[in-house]
Amino acid sequence: MYPKSPKPPQLTAAVLLACLHWSSAWAQNDIKLEVRTPEKSVELIYQSSFENYQRYSASTVQSWKQSNDTVKDIGGWRAYAKEITQDTDAKPSTPAHIHGGHQ
């Protein structure tokens, strides 16, 4: 009786494992890296995030009728929308990409 010969997939797996083992052994190098210490010491300065903290102060509470009348007197929601658009830069935005002669 002769022992069975390995099937091709088993033989392939055994060869690949052997190659992997040998390649990891050859991958070791003898070069030792030196850690360089900085010549100048770095001075760290601590600045707290809470240094310029401003405590929340709630606005005075008004009746809903008085609040609605105030909004109506200043021009309604359009006044708030105008405030937002006036806060942005007055520079016109240029398109990022101009295709041919189209703008």
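The values are calculated or read from the model by the stated rules, or taken from the named source; none is laboratory data. Nothing here was measured: the structure is a model prediction, and the numbers come from that model. All Cβ positions, even for glycine, are placed from backbone atoms using ideal geometry, and neighbour counts span all protein chains on display.
In this entry, L20 is excluded by the filter for residues that are at pLDDT 65 or above and assigned to a loop (DSSP other than H, G, I, E, B). State which residue is nearest to the chain's Cα centre (by Cα) when the search covers only region 50-84 and only residues that are surrounded by 10 or more Cβ atoms within 10 Å (Cβ to Cβ) and of a type in the set (A, V, I, L, M). Residue satisfying both the conditions and the ranking: A81.
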